[in-house]
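Below is one structure, written out as structure tokens; comments come after it.
Laboratory data are not the source of any read-out in this text; all were calculated from the coordinates shown. For clarity, every value in this text was computed on a predicted model and none was experimentally measured. Heads up, the Cβs are rebuilt from the backbone with ideal geometry, glycines too, and the neighbour counts pull from every protein chain shown.
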Amino acid sequence: MLRRHESVVSHGVRFTAEADSLNSCVLGPDAGPGSPELELFVCEVVREMTAKAGQKCTAIRRAFVPRQHLEAVTGALREALDQVVVGDPRDSATSMGALVSRGQRDLVRAAVRRLGEGGQLVVGDPDAELPGLERGAFLRPVLVRHDDPAAPAVHEVEAFGPVATLLPYDGAPQVVELLALGGGSLVASVVSHDPDFVREVVLGTAALHGRLLVLDRDSAA
């Protein structure tokens, strides 16, 4: 509506808008259980899901993992997300506060229901009320897993809160195709210590992103 406003269309008024962005994080096939890269991947996903309660345009929404590591990553993310303490940000024990409003929480819950079609909730319950926090817009982190990584909703719906979807892939060519289904994003991360895999993903997806982060045991510091 704003882009079509007469002042913008006919009179050259400058206008910019922050649009949805289904940002991604990709774990390389080399990053199996016990590797530094898997630990970095889990840390990045959890931090981006929970910082500002996931209400920022660069938050990770799609987490791609090699199919052979799907169960291990699911368990590692579940363990890490279970440690997140939701509550009053004035409390030093709190690690994630509320969403901006209860209306926004309702929108996130509706988006999670769409994301969950054909998938499964592996962490969190978007409809659960948190004891002692009923008056606020609080929501525990939610992780949805889809065994079909091409499920349309995953690449179309953004739950603007502490929500991400875990998706398996089979090889670099497929993950390049899956990243493209998001229609272009602000940022994506590739977590791998295999330069050949990194090169293929970066060259295949650079044009789709404003920024690409390559992360491994050497660059993490």
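Tell me, rounded to the nearest percent, the portion of alpha carbon pairs in the chain spaced more than 34 Å apart.
Details: 3967 of 24310 pairs.
In whole percent, the share of Cα-Cα pairs in the chain beyond 34 Å is 16.
About the Cα centre, and with charges only on the beta carbon of Lys, Arg (+1) and Asp, Glu (-1), how big is the dipole of the range 1-91? Nearest 20 debye, please.
Working: 11 positive and 13 negative charges, 111 e Å.
Dipole about the Cα centre, nearest 20: 540 debye.
Using Cα pairs closer than 8 Å and at least 6 residues apart in sequence, work out the relative contact order for the chain, in percent.
Numbers: 396 pairs, mean separation 58.1, N = 221.
Averaging sequence separation for qualifying contacts and normalising by length gives 26 percent for the chain.
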Subject >> q = 0.11, 0.18, 0.19, 0.23 Å⁻¹: log10 I(q)/I(0) that the Debye formula gives for the range 1-118, counting C-alpha atoms only >> reply: -0.53, -1.06, -1.13, -1.36
Original post:
Under 5 Å between amide H atoms, partner at least 5 residues away or on a different chain: which partners does Val190 have, H built in plane at 1.01 Å?
Top reply: Val26, Leu213, Val214, Leu215
Original post:
Where Rh is the Kirkwood radius over the Cα pairs of the range 162-210, the temperature 20 °C and the viscosity 1.002 mPa s, what D in µm²/s does Stokes-Einstein return?
Top reply: 186 µm²/s
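Order these peptides, 89-101, 178-190, by their mean beta-carbon neighbour count within 10 angstrom, highest first. Provide the component values of the computation, followed by the final result.
Values: 89-101: 13.7, 178-190: 19.7.
Peptide ranking by packing, descending: 178-190, 89-101.
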**OP:** With only alpha-carbon atoms counted, please give the Rg and Dmax of the range 53-95, in Å.
**Re:** 13.7, 41
**OP:** Taking every Cα atom in the range 1-43, find the radius of gyration and the maximum pairwise distance Dmax, and write them in Å.
**Re:** 21.2, 58
